[in-house]
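Asker: Below you'll find the structure I mean.
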Amino acid sequence: MVLSLAAVLPLAYGLKEMAQAGWSPAPVTLALAGLLAGVVFVVRQGRLAHPLLDLRLLRIPEVRGALLISLLVGVLQSGSGFFVAQHLQSVAGLSPLRAGLCAAADLRPRHRHLRQPGDRATGTSRPGGGGGSGDRRDAFAAGLNVTAAVCAVAFAGIAVLALTTLRRIPPFGPPAAR
């Protein structure tokens, strides 16, 4: 446990300082020390009878697939959150606090200055627009719906992979061949 902290903390601090202050010797040394401690941690975990992190699980294709899907879902969610925050601040003109509250509560900003000339109370018709919805708020909501749908499909895929993989992991199924 201490070795994992000795790997993560200096690496995170070193990378943060390099991003803020540039490539000076102290942050680079800390990041390299964290990487070295991480390598020592992984090697040590591979040799223990009861490791904290059993790296042999990565040999199972379903586990690798589930971890890859989890990584992709995390990247998708982080990217979506970033772009939603950028939209709310840059396009909708909200303060960072209000944008965060809108994103956390899954609310669309409703401001008078966002309405286009000719919008009725529903915000769905425009003169000469053929009755179609061209409102930016509707596009924003559609983007959130697409993100939610992709996350739901990814969650279903992870659930299927987890259920099919559990039977191959030693505590839940037959012991792995050693």
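Asker: Of all residues in the stretch 87-122, which are outside any helix (DSSP H, G or I), more than 19 Å from N145 (Cβ to Cβ) and modelled with pLDDT under 80?
Answerer: H111, R115, Q116, P117, G118, D119, R120, A121
Asker: Another question, if that's okay. If we keep just the residues of the stretch 44-85 that are polar (S, T, N, Q) and touching a residue at least 12 places away in the same chain (Cβ under 8 Å), which is surrounded by the most Cβ atoms within 10 Å (Cβ to Cβ)?
Answerer: The extreme case among them is S80.
Asker: Considering every residue within the stretch 4-27, establish whether at least one is among the hydroxyl-bearing types (S, T, Y), closer than 30 Å to G143 by Cα and either in the same structural domain as A156 (by TED's automatic domain parsing) or in contact with a Phe, Trp or Tyr (Cβ under 8 Å, 6 or more places away or on another chain) (or both).
Answerer: no
Asker: Conditions: (1) touching a Cys at 6+ places or on another chain (Cβ under 7 Å); (2) of a type in the set (A, V, I, L, M); (3) within 15 Å of G157 (Cα to Cα). A66 meets all but one. Number of the miss?
Answerer: Only one criterion is unmet by A66, namely (1).
Asker: Going through the stretch 1-35 one residue at a time, which ones are over 21 Å from L48 (Cα atoms) and either in a loop (DSSP other than H, G, I, E, B) or charged (D, E, K, R) (or both)?
Answerer: Selection gives K16, E17, G22, W23, S24.
The values are calculated or read from the model by the stated rules, or taken from the named source; none is laboratory data. Keep in mind that what you see is a predicted model, and the values were worked out from it rather than measured. FYI the Cβ positions are ideal-geometry reconstructions off the backbone, even for glycines, and counts take in every protein chain you see.
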